[in-house]
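The values are calculated or read from the model by the stated rules, or taken from the named source; none is laboratory data. Model, not experiment: these values are computed from the prediction. Please note: Cβ atoms are built from the backbone with ideal geometry, for glycine as well, and neighbour counts cover all protein chains shown. Each accessible area value is taken on the protein alone, full model and side chains, heavy atoms only, with ligands, DNA and RNA left out. Shrake-Rupley method; radii C 1.70, N 1.55, O 1.52, S 1.80 Å.
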Amino acid sequence: LGDMLKQNMAAGAMAAGAAVFTYGVKAVAAFQDTALAAGKMADATGLTVEQSSRLMEVAGDLGIEVGTVQGAIQKFNNAIAGGRLDEFADSIVTAKDGSIDAYESFINVATAIGKIKDPTQKQIVAQKAFGRSWGEISEMMKMDADELRGALDSVSDAKVIDENELRQAASSAICSTS
């Protein structure tokens, strides 16, 4: 048994090392993909990269695709700009610079719609706010604002992407395609 272990130990160590290396490469690639997706979502929605990565994580936990959340927020921004959400005026948050805080407003409006008891009225209002994506993000609307905000705030720092990490991911992506 000792001789067999000696003969195969080097091969086993090499296989284990290769597996660890492969796992590391896949983990880096997954982080890079997540960072780039958070950047894309931030660009498309007006959210920050950090806010986008938090929403992506919570949505993923609920089985909601990133593109669906991104589309819902884009439609939401258009609904606000078009004055189609006047009934939620008290839920729309204005930033210090006078712009709409899309992140906080999304949380407030989504959870306000979630409180509507009449399913027909809820569907009408949700469609107006989020377009056809509303049905797919409805799990988020089941939480109240504090629960949703708590879920977003509880995303592990290791999973939250910041601007610096996005720049690094974008730089790595450019280097790997060159």
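Between residue 100 and 95, the built amide H atoms are under 5 Å apart, and every one of these is 5 or more places off in sequence or on another chain. Could you calculate the FRET efficiency of residue 142 with residue 89 from 1/(1 + (r/R0)^6), where r is the beta carbon distance between them and R0 is 25 Å, rounded to 0.05? Here the calculated transfer efficiency is 0.60.
Kirkwood-type hydrodynamic radius, the stretch 77-128: 11.4 Å, calculated from all non-identical alpha-carbon pairs. Shown here for the stretch 85-178: trypsin sites (Lys or Arg not before Pro) in loop regions (DSSP other than H, G, I, E, B) with at most 16 other Cβ atoms within 10 Å, namely 96, 115, 117, 142. What the phi angles of the stretch 129-134 give under the Karplus curve with 6.51, -1.76 and 1.60, with θ = phi - 60°, is a coupling list of 7, 10, x, 5, 5, 4 Hz, glycine and proline written as x.
With the full set of protein chains in place, find how many percent of the accessible area of the stretch 117-162 is carbon and sulfur; take the probe as 1.4 Å. Answer for the stretch 117-162 is 47 percent, counting heavy atoms of protein chains only.
In a reduced charge model with +1 at each Lys and Arg Cβ and -1 at each Asp and Glu Cβ, the stretch 75-178 shows a dipole moment near 480 debye about its Cα centre.
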